[in-house]
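S.K.: I'd like to ask you about the structure that follows.
Just so you know, all these numbers are worked out from the coordinates, no wet-lab data involved. What you see is a predicted model; the values in this text were computed from it and never measured. No Cβ is skipped: glycine too gets one built from the backbone with ideal geometry, and neighbour counts run over all protein chains shown.
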Protein chains: 2
Amino acid sequence: MATAKSKKPAAAKNGKAKAEHGTSLITAFREIRELIVHGRLSPGTWILEADLAERLNMSRTPVRGAIHWLQREGYVLEHRNVSKSRMIVAPLTKEDANELYRIIGSLEGIAGRGVTQLPEGQRKPITTQLRALNERLSHIASGQSGHPGEIFEIDRDFHRLIIKYGAGPRLTTLHGGIEPQTERYWRLYASSIIKDLHTSVQEHETIIRAVESGDSDAVDTALQANWLRGADRLGHVIDIFGERGSW
Amino acid sequence: MATAKSKKPAAAKNGKAKAEHGTSLITAFREIRELIVHGRLSPGTWILEADLAERLNMSRTPVRGAIHWLQREGYVLEHRNVSKSRMIVAPLTKEDANELYRIIGSLEGIAGRGVTQLPEGQRKPITTQLRALNERLSHIASGQSGHPGEIFEIDRDFHRLIIKYGAGPRLTTLHGGIEPQTERYWRLYASSIIKDLHTSVQEHETIIRAVESGDSDAVDTALQANWLRGADRLGHVIDIFGERGSW
DNA sequence: CGAGGTGCGTTTGCATACAGTTCTGCGTTT
DNA sequence: AAACGCAGAACTGTATGCAAACGCACCTCG
């Protein structure tokens, strides 16, 4: 495949697929990231520029740029040491998960400190929102009703709130680059998440209380603990099902 | 400038300027980063692809990619909200410095924890190296002899050692992207660094002792404190000399 | 029969051409 | 004289062509 592609050379001319907003490069970046995160590009498989370009109805240039971005953020690795890199989708390993979760926990810890340094008038509505999200999680935990996707989204929103109010521009960008990668692992983890959900709810409750008390160290610690526990739970699942999952 | 540049269209054909190793894109990335870090591209000024391409003797394509990398890492920002980004060299502000130092301190804290978890046989030679570097700093501090560049390099090597032995691949990459940005601020700071050098030496000593004792929390805390103190000192200088420095 | 070399195909990386958009500067009009 | 509008230029973003390099397979020689 991806051999003689003289079929749609200027197919994107009539602006069919670029209907979204933003530039093609950003579109390509998001699309390819989605493909990787959702597992449509399996971990360990190698990436073909021309193939993706055709799939996204654009030229190789923006696709190329997007792949390089993804490489820098860790979604893509280069096989073979130097020169003429052959890009592969980053595999999912236990060590990588541990490192990834440690990093994001640490970053969110910083953001959590930022939240505590807001005046109390601003902190109050934030805790209200956090509590509302955690309520929903708690409700799902007791009712065993929600499907994994919903749980994931609520949890993600919970953490994003902290970033939104506690992180500066740099930290926000950094987090935005790393956070989606946790979704790759989360999908592995989804199977066994529901039974541990109450633990997560409790950890979140600890975080909220720390925010309310305004104790920076406690917030930092609680956020890191939440992620580290997540890494532990994830590591357990990986031990059972094997690395790289069953995509 | 950067107007009608029909002079050296295929000048790079004979492989004159690409004599180094690696691809052009990586070369461009390093070169432009150097230009920014060393202040030859002043903070706040806007970046012209064509101009840089001519300066580096290559086409706009790799330059373009490099600029996008730099943007993602925070060396470059886009002026004008969305669409048709006009890139500018990231300005140096007090808030940014604080955020930057907090982030890198946190990341090195993780690496520090990693170091403490090595078996003692491997940890010993590391502390020896750390001590040797700190000796040199201490010597300079008492003799008031070294020039700022040397001090910077020794301090950088100190922190890089911790990354080298305590960080995984992800953390190493992340740190490698962020660390050079501290140099931009360090140059601002250079003027008043020598008189505070003994403080830095003491902080390093604390770090080393924490590593020796194998106390993860202590190492983490000590590293973060070192960076936070640095940010404080830097903030003081910025208050005096004004933002954006006197490049 | 095995091992090493060579040649071809595929793919990446770079350069350049082209189109769209925005900013600037000058002229005209009120 | 000042302000608004138009025209022109310049810069960014994208597409495509071209060359070199990597990998694989086949063929040949020991």
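S.K.: Using just the helices of the protein assembly as shown, give the 222 nm mean residue ellipticity in deg cm²/dmol: DSSP H runs with n ≥ 4 each add -39,500 (n - 2.57), and the total is spread over all residues, rounded to 500.
M.R.: -24000 deg cm²/dmol
S.K.: Moving on. For helix B:94-116, report the angle its Cα long axis makes with the longest principal axis of the Cα atoms of chain B; keep it between 0 and 90° and round to the nearest 10°.
M.R.: With rounding to tens, the tilt is 50 degrees.
S.K.: Hey, another quick one. Please report the spacing between the Cα centers of the range A:58-128 and the range A:213-242 in Å, no decimals.
M.R.: 17
S.K.: Put a point 7 Å out from Cα along the line to Cβ at B:HIS139; what are the distances to that point in the other copies, in nm, shortest first?
M.R.: 6.8
S.K.: Roughly speaking, what % of Cα-Cα pairs in the range A:62-167 are separated by over 19 Å, rounded to a whole number?
M.R.: Within the range A:62-167, distances greater than 19 Å cover 63 percent of Cα pairs.
S.K.: Could you work out the relative contact order of chain A? I mean the mean sequence separation of Cα pairs under 8 Å and 6+ apart, divided by the number of residues, in percent.
M.R.: 25
S.K.: Okay, next question. Nm distances between the label at B:GLY39 and the same-position labels in the remaining copies, 7 Å along Cα→Cβ, shortest first?
M.R.: When each copy's label point is compared with this one, the spacings are 5.3 nm.
S.K.: Which entries of A:LYS164/B:LYS94; A:LYS164/B:LYS195; A:LYS94/A:LYS195; A:LYS164/B:LYS124; B:LYS94/B:LYS124; A:LYS195/B:LYS124 show an alpha-carbon separation above 32 angstrom in the structure shown?
M.R.: A:LYS164/B:LYS195; A:LYS164/B:LYS124; B:LYS94/B:LYS124; A:LYS195/B:LYS124
S.K.: Taking the number of other C-beta atoms within 10 Å as the exposure measure, put A:SER216, A:SER42, B:SER145 in order starting with the fewest.
M.R.: B:SER145, A:SER42, A:SER216
S.K.: Show the residues, 5+ positions off or on another chain, whose built amide H is closer than 5 Å to the amide H of A:VAL76.
M.R.: A:GLN71, A:ALA90
S.K.: For the protein assembly as shown, what is Rg from Cα atoms divided by 2.2 N^0.38 Å, rounded to two decimals?
M.R.: 1.03
S.K.: To the nearest 10 degrees, how steeply does helix A:24-37 sit against the main Cα axis of chain A, on a 0 to 90 scale?
M.R.: Orientation of helix A:24-37: about 70 degrees from the principal axis.
S.K.: Next question. Among A:LEU25, A:LEU92, A:LEU130, determine the one that fluctuates most according to a GNM of chain A built with springs between C-alpha atoms less than 10 Å apart.
M.R.: Checking each option, the largest mean-square fluctuation is seen for A:LEU25.
S.K.: Moving on to the next point. Placing unit charges on C-beta atoms (Lys and Arg positive, Asp and Glu negative, everything else neutral), compute the dipole magnitude of the protein assembly as shown about its Cα centre in debye, rounded to 20.
M.R.: In debye, rounded to 20, the protein assembly as shown gives about 2760.
S.K.: Here is a follow-up. If I fit a long axis through the Cα atoms of helix B:193-213 and take the longest principal axis of the Cα atoms of chain B, what angle between them do I get, 0 to 90°, rounded to 10?
M.R.: Approximately 60 degrees, to the nearest 10.
S.K.: Got the A:LEU77 label distances to the other copies yet, label 7 Å along Cα→Cβ, in nm, shortest first?
M.R.: 3.5
S.K.: Shifting gears a bit: Of the options A:ILE163, A:VAL76, A:ALA66, report the single residue whose Cα projects farthest towards the positive end of the charge dipole of chain A (beta-carbon charges: Lys, Arg +1; Asp, Glu -1).
M.R.: In chain A, that residue is A:ALA66.
S.K.: Considering all alpha-carbon pairs of the range A:94-241, what whole percent are spaced by more than 25 angstrom?
M.R.: Of all Cα-Cα distances in the range A:94-241, 23 percent exceed 25 Å.
S.K.: If you build the Cα gyration tensor of chain B and take the root of 5 times each eigenvalue, what three semi-axes come out, in whole angstrom, biggest first?
M.R.: Working from the Cα gyration tensor, I get semi-axes of 36, 21, 17 Å.
S.K.: Which residue fluctuates most in the GNM of chain A (Cα springs below 10 Å): A:ARG156, A:ARG72, A:ARG229?
M.R.: Its mean-square fluctuation being the largest, the pick is A:ARG72.
S.K.: Along the charge dipole of the protein assembly as shown, pointing to its positive end and built from +1/-1 on Cβ of Lys, Arg, Asp and Glu, which listed residue (A:VAL115, B:THR23, A:PRO43) has its Cα farthest out?
M.R.: Farthest along the dipole direction, towards plus: B:THR23.
S.K.: Under a Cβ-only charge scheme (Lys and Arg +1, Asp and Glu -1), can you give me the dipole magnitude of the range B:94-241 about the Cα centre, in debye to the nearest 20?
M.R.: 260
S.K.: For the range A:170-215, give the magnitude of the charge dipole about the Cα centre (Cβ charges: +1 Lys/Arg, -1 Asp/Glu; no others), in debye to the nearest 20.
M.R.: It works out to roughly 240 debye.
S.K.: Another question, then. Could you pull out every residue, at least 5 positions away or on a different chain, whose amide H is within less than 5 Å of the one on A:MET87? Hs are placed 1.01 Å off N in the peptide plane, and Pro or chain starts have none.
M.R.: Amide H neighbours of A:MET87: A:ILE47, A:HIS79.
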